[in-house]
1. What helices (runs of 4 or more DSSP H) lie completely within the stretch A:421-516 and have 2 or more residues being touching a residue at least 40 places away in the same chain (Cβ under 8 Å)?
2. Every residue in the stretch A:292-316 that is touching a residue at least 24 places away in the same chain (Cβ under 8 Å) and touching a strand residue (DSSP E or B) at 6+ places or on another chain (Cβ under 8 Å), please.
3. For A:Thr355, are the conditions met, namely being of a type in the set (S, T, N, Q) and in contact with a strand residue (DSSP E or B) (Cβ under 9 Å, 6 or more places away or on another chain)?
4. Of all the helices (runs of 4 or more DSSP H) wholly in the stretch A:103-191, which have at least 2 residues that are aliphatic (A, V, I, L, M) and closer than 30 Å to A:Phe690 by Cα?
5. Could you identify the single residue in A:Asp361, A:Asp299 that is open to solvent by 80 Å² or more (accessible area, probe 1.4 Å), at pLDDT 85 or above and of a type in the set (Asp, Glu)?
6. Kindly provide the set of residues from the stretch A:397-410 that are open to solvent by 20 Å² or more (accessible area, probe 1.4 Å) and under 28 Å from A:Val45 (Cβ atoms), ordered by number.
7. Among the residues in the stretch A:524-545, are any within 14 Å of RNA strand B (Cβ to nearest atom), in contact with a Leu (Cβ under 6 Å, 6 or more places away or on another chain) and of a type outside the set (Val, Ile, Thr)?
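The values are calculated or read from the model by the stated rules, or taken from the named source; none is laboratory data. As the structure is a prediction and not an experimental result, all values here were calculated from the model. Backbone-built Cβ (ideal geometry, glycine too); neighbour counts: all protein chains shown. All accessible areas refer to the heavy atoms of the entire protein, side chains included, with ligands and DNA or RNA removed. Shrake-Rupley method; radii C 1.70, N 1.55, O 1.52, S 1.80 Å.
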Amino acid sequence: MLEKNYNPKEFEEKIYQDWETSGDFKPDMRSDKDAFSIVIPPPNVTGILHMGHALDDTLQDILIRYNRMLGKKVLWQPGTDHAGIATQMVVERNLAKEGISKHDLGREKFIETVWKWKAQSGGTITKQLRRLGASCDWSRERFTMDEGLSRAVRKIFVSLYKDGLIYKAKKLVNWDTKLGTAVSDLEVVQKEANGKMYYYKYPIEGETGEYVHIATTRPETMFGDTAVAISKDNEKLKHLIGKNCIIPIINKVIPIIADEHADPEKGTGAVKITPAHDFNDFEVGKRHNLPLVNILNKDGTLNENTPFNGLNTQEARKKTIEKLTELGLMDKIEDHPMVIPYGDRSGVVIEPLMTDQWFVDAPTLAKEAIRVVEDGEMEFVPKSYEKTYFEWMRNIQPWCISRQLWWGHQMPIWYGPDGHIFCEEDEETAQKAADEFYGKREELTRETDVLDTWFSSGIWAFSTLGWPDKSEYLDTFYPTSVLVTGFDIIFFWVARMMMMSMYKMKQVPFRKCYIHGLVRDEQGRKMSKSKGNTVDPMETIEKYGADALRFFMAAMETQGRDINLSEARIAGYRNFATKLWNAARFGQMNECVMQNGYSADKVELAVNKWIIAKAQEATQEVTQNLNDFRFSDAANAVYQFVWGSFCDWYIEMIKPILYGENEKDKSETRSTFAWVLDRILVILHPFMPFITTELWNNTAQRSVKLIHAPWPKDESIDVEAMNDIDWAVELISNIRSLRAEMNIPAGAKPIVYLKDANAESIKHIEQFNPIICTLARLEKLSAYDGDITPDMVQSVFRESTMLMPLKGVVDFAAEKERLNKELANVNKFLEGYKKKLSNPSFVERAPAAVVAEERRRQSEAEANKAKLEAALERIANF
RNA sequence: GGGUGUGUAGCUCAGGUGGUUAGAGCGCUACGUUGACAUCGUAGAGGUCACAAGUUCGAGUCUUGUCAUACCCACCA
């Protein structure tokens, strides 16, 4: 017997362990059905599960479990990401607590420490995923830095390099002064700040008292200026073009040039050009062949090309202003709201800096990645994200992949003594290539830079399946079926996966890409540690169970919208689980098990036919909606069926049968109950795997585990579905015969019985029992003043189970009115269609498909009309 | 500046291709909880679907505009 209370803590972990140890998550490679596969967006190995993961992985698990029940070969490939910067920062922070810096350890020792740390606490997130119920094939778990994946990374790097798609270049890149590394454009976030605009002037060379006035937010960069630009359309200032001016303090002469970058409307109309420290100025410098003067060290302090060697930019700015003021060159300082770039990880200001870096030729790789989406080989769901994707891909810039970090994939690049580059998969091969190149043995040195984390994530879809080796899994599961991820990661990951996969595999990495929104807090604010409004999914699971959290995520997931976390709602879904638990318990108490020889398509009682038809309807809805990635619709269909139809109505309706004496009816009803409960457990399983499994294991002997139970097919049973009108007709007929049989005078109130019956208790029982309630309201009878006997009550209880209470369809006059109204409506449509279709210009000019659609609707309306008329006829007598 | 969304009940949100009386959960009110229910049931109140014009026999849904709001991209000397 089931416990009295639903207590998820008691069985969730136990059930998960059984799945995992029994190998239930492994694909059934003998299945003759299609393959279905998902690669998990690898969480950061240092991370802990947050609500975003809970959403992302719940959706994936629903799809995985659903497809597994469809009998397909199903693989959910799990793994974690080494997350270069994030992980390095975590470990550095830990070391700092002991007063150690990474430089104290040296590169090798530091990396050792990271691995040690990973071994120690890297499993947290995968443990948490298990707690959520994620049915990943953990036996195949991968890590972006493990041996196989590292080999895949080297292989693809060499391939790209040899195809000329990876190159080294000295470019202006985003430089993180705290981490001491280059970062990609995507890793830079722009933040609003209250800055100041500094106005000052540069003396014109050879013309005492003449100046060119400049405005800048960063005066300290003036030592890197190599020109001042003015638009040639600037009537007021264009006379200065061609002259030279002098950078004060260092008294350096620079030219005044004409360039469109200088907008006459902005600032003073004259712009100082610092090509080595500003992306726009860099372009101007290129156009005019201006020299580059680097004024910053890699830690962001000013260097020897300035008078403030060693000072940071803030201090240098102060000094510069002081000096300019002394020289009488300052005009004014104004408040100026501005946007400043910060590193999204380090949180410090990003400086554009000239450095040697490695780049992937993204514009070339993007071409195929764009084509396959245009051609529909990969589809975004919702489709609108295509636009975002195209927009970004068509304007993509070379991708800076080198990072000056220690933790990550060291680039497979070796330099000869003369700087010649050898790019090979390992040192031995590189040495061989060098031997051949030089004709003698030369010492090689390896490039110290490591790769951007997203480089290895970019090949995740096939590297985890075994590439570059031949493997059954790669053949079977690539391309993967669908990628499920958040919109914030489209550029970082989806786009890169598309490019890398198209380059190497010549096939899309996934056929569909389902994009979901963010999980926000109760008020719709973004969750963040700094705001302190994060909710730990593990605490939620502890409190309400994993099933409740999962169902919440599914029920709230509507395409293209963020989800606001709501504890009340999660509690509501916990109540839903409780409800189901108790329904199952009710079944147990009434010995509702499948009888031998029971067949759902042979039931006779209306109430059983009805619930079976309803169950089929719900199954269809769930199936269709899951196929369409409409998670909330799928979840709500089960919810409505279980609570609204099964618990609220069916269970109430069958009580009299189960408590009565008609053994045949009892037997059929018990079996039907068991059948419907089974159906519920199956279609609910993808959403709530734990409670469904617990009930499955406890309600009868099973030959198959629920996780592998076959998903029901629509055509498996054939019950005669009854529509509302049919129910109403049958209901009222039964009441009439009942009334006649029991000799109840017309106008009498239907029978109620209580030990101490009185007017109040009659009212109560109306509310308690939907059957009685319906009877009462249906006939709108006045008070029954005859005797009420226990027999009469029994009789009504027993017989009335043949009836169907219907919410809403209780008043036949109203029903008639409704039908007539609808009929009038249909007639109106028909008139409209007739009018449209008899209009020659519409029929002749409109596209054939449109006309056909209109005709189809017309005939649909005609069929509807016939149906309504038939229904009206049927209730005409009531 | 460019782009993409969103605006529906007190709150949070559903409302494929226009078509009955616009729905759910929570909250609220009333009544009841005796037989699955750490609760549940029944009933109810609550909406000019942001605003305006248009297309249509018919608009929450389509078109245009306005207002509000969120996010993304670029830029701001």
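1. Counting at least 2 such residues, we get A:453-457, A:460-463, A:472-477, A:495-505.
2. Passing the criteria: A:Leu292, A:Asn294, A:Ile295, A:Leu296, A:Lys298, A:Gly300, A:Leu302, A:Phe308, A:Thr313, A:Ala316.
3. It is true that A:Thr355 is of a type in the set (S, T, N, Q) and in contact with a strand residue (DSSP E or B) (Cβ under 9 Å, 6 or more places away or on another chain).
4. A:124-132
5. Result of the check over A:Asp361, A:Asp299: A:Asp299.
6. A:Gln404, A:Trp406, A:Gln410
7. The answer is no, given that none of the residues of the stretch A:524-545 is within 14 Å of RNA strand B (Cβ to nearest atom), in contact with a Leu (Cβ under 6 Å, 6 or more places away or on another chain) and of a type outside the set (Val, Ile, Thr).
Results for (1) touching a strand residue (DSSP E or B) at 6+ places or on another chain (Cβ under 9 Å); (2) on the phi < 0 side of the Ramachandran plot, shown as yes or no for each residue.
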| residue | (1), (2) |
| --- | --- |
| A:Arg30 | yes, yes |
| A:Asp34 | yes, yes |
| A:Ser37 | yes, yes |
| A:Leu55 | yes, yes |
| A:Asn67 | yes, yes |
| A:Lys72 | yes, yes |
| A:His82 | yes, yes |
| A:Val91 | no, yes |
| A:Gly99 | no, no |
